[in-house]
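Visitor: Starting off with a structure, shown below.
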Amino acid sequence: MADCVFCKIIAGEIPSNKIYEDETVYAFYDIQPEAPVHFLVVPKQHISGPSAVHEDNCAVVGHIYAVISHLAQELGLSNGYRVVTNCGNDGGQTVPHLHFHVLGGRSLAWPPG
Ligand code: AMP
Ligand code: ZN
């Protein structure tokens with residue numbers, strides 16, 4: 001997607017602090033961290049958000065969770081972490097490219113505001 005900031009990051013047109021990349025996913029540190037460890041995992045395919053996940057494109061979501069598990073272990077989040085995907089205006093989604101926040105390194109309050 002020409003106008004998508006995460007598509008541009010994946011294409012290397014905008015710099016990012018990359019953690020991991022394979023054929024279908026890309027992981028990088030959030031530019032405005034809300035926890036000592038805060039990174040994002042995104043599909044390389046442009047999917048606008050959770051509401052655009054369907055039977056024909058959902059396989060990458062399972063793979064993303066496997067990548068999250070692997071990266072969380074590598075980054076020392078042995079005490080736990082949170083995975084968050086915001087959807088639409090009420091959900092607080094600001095970037096319209098499906099992404100999974102991974103937050104850890106401190107105790108996180110629940111429920112969110
Ligand atoms: P959301 O509000 O759930 O859509 O999350 C978007 C996230 O993307 C926010 O936490 C931003 O800080 C993060 N973000 C936006 N632009 C960049 C960027 N260029 N590099 C890294 N993270 C970014
Ligand atoms: Zn995109």
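Visitor: Any chance you could run the full-extension gain for Asn89 through Ala11? It's 0.36 nm times the residue separation minus the Cα-Cα distance, nm to one decimal.
Guide: Details: separation 78, 0.36 × 78 = 28.08 nm, distance 2.64 nm.
25.4 nm is the gain from fully extending Asn89 to Ala11.
Visitor: Tell me the carbon and sulfur percent of the accessible area for the chain, rounded to whole percent, probe radius 1.4 Å. Before the final figure, lay out each step's value.
Guide: Working: 3490 of 6770 Å².
Summing carbon and sulfur atoms, their accessible area is 52 percent of the total for the chain.
Visitor: Describe numerically, in nm with one decimal, the distance between label points set 7 Å from Cα along Cα→Cβ at Asp22 and at Met1.
Guide: Inter-label distance under the simple model: 2.4 nm.
Visitor: Using θ = phi - 60° and the Karplus curve 6.51 cos²θ - 1.76 cosθ + 1.60, what whole-Hz ³J(HN,Hα) does each residue of region 19-26 get, with Gly and Pro shown as x?
Guide: Couplings: 10, 7, 8, 9, 4, 10, 9, 9 Hz.
Visitor: I need the phi-derived Karplus couplings for region 99-113: 6.51 cos²θ - 1.76 cosθ + 1.60, θ = phi - 60°, integer Hz, Gly and Pro marked x.
Guide: 8, 10, 6, 10, 10, x, x, 7, 6, 10, 6, 9, x, x, x
Visitor: Turning to a different aspect of this structure: Take the Cα coordinates of the chain, assign each an equal point scatterer, and use the Debye formula without solvent to give log10 I(q)/I(0) at q = 0.14, 0.22 Å⁻¹.
Guide: Values, matching the q order: -0.55, -1.39.
Visitor: Angle between the Cα long axis of helix 59-74 and the longest principal axis of the chain, 0 to 90 degrees, nearest 10?
Guide: It works out to around 30 degrees.
Visitor: Tell me, which cysteines of the chain are without a disulfide-compatible partner by the Cβ under 4.7 Å rule?
Guide: If one checks each Cβ against the other cysteines of the chain, Cys58, Cys87 turn up with nothing under 4.7 Å.
Visitor: Regarding region 1-51, what is the average projected area of its C-alpha convex hull, in nm²? List each step's numbers first, then the result.
Guide: Working: hull surface 16.0 nm².
Taking a quarter of the hull surface, the average projection is 4.0 nm².
The values are calculated or read from the model by the stated rules, or taken from the named source; none is laboratory data. A quick note: this is a predicted structure, and the numbers were derived from the prediction, not measured. Glycine also receives a Cβ, built like all others from the backbone with ideal geometry; neighbour counts cover every protein chain displayed. Protein only, heavy atoms only, side chains kept; ligands, DNA and RNA dropped before computing areas. Shrake-Rupley method; radii C 1.70, N 1.55, O 1.52, S 1.80 Å.
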